[in-house]
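For reference, the structure is listed below as structure tokens.
Values quoted throughout were computed directly from the atomic coordinates according to the rules given, and no laboratory measurement underlies them. The model shown is predicted, which means the values in this text are computed figures rather than measured ones. Glycine also receives a Cβ, built like all others from the backbone with ideal geometry; neighbour counts cover every protein chain displayed.
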Number of protein chains: 2
Amino acid sequence: MDKKKAVVLLSGGIDSATCAAIAKDMGFIVYALSFDYNQRHKTELDFADQTARFLGVFEHKIIPTDLSLIGGSALTDNKISVPDFKEGNTKIPVTYVPSRNIIFLSYAVSYAEVIGADDIFIGVTAVDYSGYPDCRPEFIEAFSSAVNLGTKKGIEGRPFKIHTPLVDLSKDQIITKGLGLGMDYSFTSSCYNPDVKGYACGKCDSCIIRKRGFEKAGIKDPTKYSN
Amino acid sequence: MDKKKAVVLLSGGIDSATCAAIAKDMGFIVYALSFDYNQRHKTELDFADQTARFLGVFEHKIIPTDLSLIGGSALTDNKISVPDFKEGNTKIPVTYVPSRNIIFLSYAVSYAEVIGADDIFIGVTAVDYSGYPDCRPEFIEAFSSAVNLGTKKGIEGRPFKIHTPLVDLSKDQIITKGLGLGMDYSFTSSCYNPDVKGYACGKCDSCIIRKRGFEKAGIKDPTKYSN
């Protein structure tokens, strides 16, 4: 039987890299998809490219768009600062980009329909995460239903399946899983606010979650931190 | 009471212009949203701009992206020709752009969340249309559910409402409705395949549906056709 194709959303971070490694390990031909959305941490695209090359994906598309025209997030509006991590914060932080995963998944569905892939992978996790609503399983499920009603492929009885293999894993479990599949996390970056040299700040939510994940997994974090 | 804001997807065609006129008539402050997605008929953006100015919308954003990187449609891949209209065709035509409305609505949700609007308008119609699955009410309903689970605003109990005021109207009814609201359709364009001067082809699905709409409404079509 021919190998099946899958679209994998690739951000340059740990989760999406692990997700791509999992899709590859499951036997899929990986079509990676990233976005140049005028994000503050555009350096993540270099890491996405490195991850794609390291994993030997079949194709890696980077879609240009400009979410800074809409703004509303510390990641897309330079007037909003990236806050340092706060222990016990339960509010959705200002790094939340409204509809980001909704937008990214919409493009993934388009790409999957064009290449004839049933399968889409997104590295959302609802354990060690920043409380973004579009990372939650109930959203993914509802979105899947919507796109299977709103696409030619879906209504023709060839529905899309959106895989979220990391959704129940903690960050250290994700790292352990990826390492077991041969992933090299020096090709990833998590920081929301890297300095001009590309060094991670070590203070934002995403850096702290990453650091703690490596610590708990008992693995040295290969990230270059400025702090 | 303060006037409420609404995001209106504006393509440059008849339906979205009418939709914007309806939103304005309903008392909303209109925030129009268009996309420069490397479409074959990019001239539609000039018409979207004219419509926005004619209606006096509060703001008109044009988001750049590039769906030709994904392709798969006669509107985004120059290697696929725009077919002439065929009477009685029941298949989804090659002008279908996979996930286009899904992508556009995702941005509309993002924009609405940032400006604090509950209301989004899209001029889909399931009567005189080309059979695109993302124009159907069942898709819009499912998509609304998904975004209300996947956004901060949605989960905080301030859900989005996606208005489809044209969904049950035929093209002539839409035109009559718009004219009643003062819309001037010379500021709109429907053609998928305009010539270099911007004249409409008069032969594609969209041109024929438009022509017939004006005929049935008993109104002169202000479009400049090359044929």
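Loop-located trypsin sites (Lys or Arg not before Pro) across the stretch B:146-199 with a Cβ neighbour count of 12 or fewer within 10 Å are B:197, with loop assigned by DSSP. Note the angle between two axes, namely the Cα long axis of helix A:100-115 and the longest principal axis of the Cα atoms of chain A, as a number of degrees from 0 to 90, rounded to the nearest 10. With both axes taken from Cα atoms, the answer is about 30 degrees. Pairwise inverse Cα distances across the stretch A:167-216, averaged and inverted, put the Kirkwood hydrodynamic radius at 11.6 Å. The H on the amide N of residue B:224, modeled in the peptide plane, is under 5 Å from the matching H of B:200, each at least 5 residues off or on a different chain.
By the Stokes-Einstein formula, at 1.002 mPa s and 20 °C, the stretch A:34-158 with its Kirkwood radius over alpha-carbon pairs has D equal to 131 µm²/s. Close amide H contacts of residue B:62 (hydrogens built in the peptide plane, cut-off under 5 Å, sequence separation of 5 or more or a different chain): B:34. What the phi angles of the stretch B:147-153 give under the Karplus curve with 6.51, -1.76 and 1.60, with θ = phi - 60°, is a coupling list of 5, 6, 9, x, 10, 4, 4 Hz, glycine and proline written as x. Zone of residue A:29 (label point 7 Å along Cα→Cβ, backbone N under 15 Å): which residues in the stretch A:96-129? Within reach of a label on residue A:29, which here means backbone N under 15 Å from a point 7 Å along Cα→Cβ, the stretch A:96-129 contributes A:112-119.
If the elastic network links every pair of Cα atoms under 10 Å, which of B:17, B:112, B:32 fluctuates the most in the Gaussian network model of chain B? Among B:17, B:112, B:32, the largest GNM mean-square fluctuation belongs to B:112. Name the most mobile residue of A:63, A:174, A:14, meaning the one with the largest mean-square fluctuation, in a Gaussian network model of chain A with Cα contacts below 10 Å. Judging by the Gaussian network model, the answer is A:63.
In chain A, the longest principal axis of the Cα atoms and the axis of helix A:171-180 are about 60 degrees apart. Between B:44, B:138, B:113, the residue with the greatest mean-square fluctuation in the GNM of chain B (Cα pairs under 10 Å linked by springs) is B:138. Please give the FRET efficiency for residue B:62 paired with residue A:89, using the beta carbon to beta carbon distance and R0 = 22 Å, rounded to the nearest 0.05. Efficiency at R0 = 22 Å is approximately 0.05. The Kirkwood hydrodynamic radius of the protein assembly as shown, based on inverse pair distances between different Cα atoms, is 22.8 Å.
Across the stretch A:134-146, computed HN-Hα scalar couplings (Karplus, 6.51 cos²θ - 1.76 cosθ + 1.60, θ = phi - 60°) run 7, 9, 8, x, 5, 5, 4, 5, 5, 5, 4, 4, 4 Hz from first to last residue, x flagging Gly and Pro.
Among B:157, A:47, B:170, which residue has its Cα furthest toward the positive end of the charge dipole of the protein assembly as shown, with +1 on Lys/Arg Cβ and -1 on Asp/Glu Cβ? Checked the options; the winner is A:47. Fully extending the segment from residue B:216 to residue B:179 would add 11.9 nm, taking 0.36 nm per residue of separation and subtracting the current Cα-Cα distance.
Of all beta bridges that DSSP places with both ends in the protein assembly as shown, some 5 percent have antiparallel geometry. For chain B, DSSP calls about 5 percent of its internal beta bridges antiparallel.
For chain B, the relative contact order works out to 24 percent when only alpha carbon pairs closer than 8 Å and six or more residues apart are counted. When every Cα-Cα distance of chain A is counted in 10 angstrom steps from zero, the calculated P(r) takes the values 8, 34, 39, 16, 3, 0 percent. Per the Cα gyration tensor, the stretch B:102-180 maps to an equivalent ellipsoid with semi-axes of 26, 14, 9 Å, ordered largest to smallest.
Summarising the amide proton neighbourhood of residue A:184: residues at separation of 5 or more, or on other chains, whose placed amide H is nearer than 5 Å comprise an empty set. Here the Karplus relation 6.51 cos²θ - 1.76 cosθ + 1.60, evaluated at θ = phi - 60°, turns the backbone of the stretch B:81-94 into coupling constants of 7, 6, x, 6, 4, 10, 4, x, 5, 10, 7, 5, x, 6 Hz, with x for every Gly and Pro.
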